[in-house]
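The values are calculated or read from the model by the stated rules, or taken from the named source; none is laboratory data. Note that the structure is predicted; figures quoted are calculated from it, not measured. Cβ atoms come from the backbone with ideal geometry, glycine included; neighbour counts cover every protein chain shown. All accessible areas refer to the heavy atoms of the entire protein, side chains included, with ligands and DNA or RNA removed. Shrake-Rupley method; radii C 1.70, N 1.55, O 1.52, S 1.80 Å.
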Amino acid sequence: MSSLKAPITTNGLSFLLDAEFNLSDKQAEAVLDINLRRLNLLERKKFVDESASLMEQISKITELLSSRKNILQLIEQEALELKNKFSSPRRSVLDDSDGGQLEDIDVIPNEEMLLAFSEKGYVKRMKPSTFNLQNRGTIGKSVGKLRVNDAIDRGIVYSAYAYKIPESSRTAAGTPLIQIISLSEGERITSIVPVSEFAEDQFLVMLTVNGYIKKVSLNYFSAIRSTGIIAIQLVPGDELKWVRCCTNDDLVAMASQNGMVILSSCDIIRALSRNTRGAIAMRLKEGDKMASMDIIPAPRHTDLDKAAEDSISYDKGGSGPWLLFVSENGYGKRVPLSSFKKSPLNRVGLIGYKFSSEDRLAAVFVVGFSLT
């Protein structure tokens, strides 16, 4: 059985060129008019030209490599070209101080959390949503099982990342604090201060139960060893109870258990070194001790000044600010902050709350600032 092959005509080749290479009729005819010898000459000329170009490049490179002076001149020329091409300063920073390794804190989201400490030395971390808003007169919710025990206060500051404290439920006892920081036997934590950065204009203000106050630069605590560092010298019978973060433009409100109040500027509290006792904050009467301390931030001073100009609005239930007093027997009242004039330290103070013989002040807070 034989097969027949149909001859391809010129018109057939023209059609194939049109279909395969998308050429026009005139272009296809021009290609067909070129004979095979001419095509070979064109292809040969292309290789000859490429060979001549490569030989010229080889000659120039050989000449360059034979002379150190020519090499250095070429490097200088290319460096100048790069400098002119990329003349803008570097926008990124090269930092290999940590070896390029990520720490745990680099990948943990920064969220607001609640920390609860017990007298026995247990600590736990909870989300604020754990506690919902409640009405007046309710019992409240427990923050966990508390264990009470005698403890000592040495005036030492410790440091730990909040994320290293295990998150717990509301009713859990928590984690022993000794597993997180190196506390001595019988030592307890009396105050906690959240710090995100150790700014130069930030201070720690400390108040003892016997009425001594002290201000220390926050920079002193930027690198705390695991065993902690001394923040204040305490005499026998005294105890560090309140520590707050402040600037020189802030105000500090202090109250005693008998309801006496001193409102003073943080600027007049002299900054001291860590290993000192501090100055007298309030002249306490016999049997009286300090009960609480709170800070009025500098941006809120406008609210305080406005309150002093229009104190009538507070008699009609204004929007604050106030000093909120809470007694040990569960009573409370709020007094306009404008009722207390600023005074120096080492004074008796002004009466903020009159108590019966069976009651005394447990805490005082500055409340009612406008959110703006």
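Checked against (1) in a strand (DSSP E or B); (2) open to solvent by 40 Å² or more (accessible area, probe 1.4 Å), residue 171 passes all but a single condition, namely (1).
How many residues are out of contact with any Cys (no Cβ under 9 Å at 6 or more places or on another chain), at negative phi and either surrounded by 13 or more Cβ atoms within 10 Å (Cβ to Cβ) or among the hydrophobic types (A, V, I, L, M, F, W, C) (or both) if we restrict to the stretch 193-218? Before the answer, list the steps.
Here is the first cut: in the stretch 193-218, the ones out of contact with any Cys (no Cβ under 9 Å at 6 or more places or on another chain) are 196-201, 206-214, 216-217.
Applying the additional criterion that residues be at negative phi yields 196-201, 206-210, 212-214, 216-217.
Applying the additional criterion that residues be either surrounded by 13 or more Cβ atoms within 10 Å (Cβ to Cβ) or among the hydrophobic types (A, V, I, L, M, F, W, C) (or both) yields 198-199, 206-210, 212-214, 216-217.
So the answer is 12.
Contact map, the stretch 245-261: residues that are open to solvent by 10 Å² or more (accessible area, probe 1.4 Å) paired with residues that are among the aliphatic types (A, V, I, L, M) and in a loop (DSSP other than H, G, I, E, B), Cβ distance under 7 Å, separation 6+ or inter-chain. Pairs shown: 245/193; 245/195; 260/348.
Restricting attention to the stretch 188-226, report how many residues are charged (D, E, K, R), in contact (Cβ under 8 Å) with a residue 40 or more places away in the chain and either under 17 Å from residue 274 (Cβ atoms) or assigned to a strand (DSSP E or B) (or both).
Result for the stretch 188-226: 2.
Scanning the stretch 335-360 for residues that are among the acidic types (Asp, Glu) and either closer than 14 Å to residue 288 by Cβ or modelled with pLDDT of 90 or more (or both) turns up just one, 359. Considering the conditions (1) modelled with pLDDT under 85; (2) over 25 Å from residue 213 (Cβ atoms), residue 304 is excluded by exactly one of them, (2).
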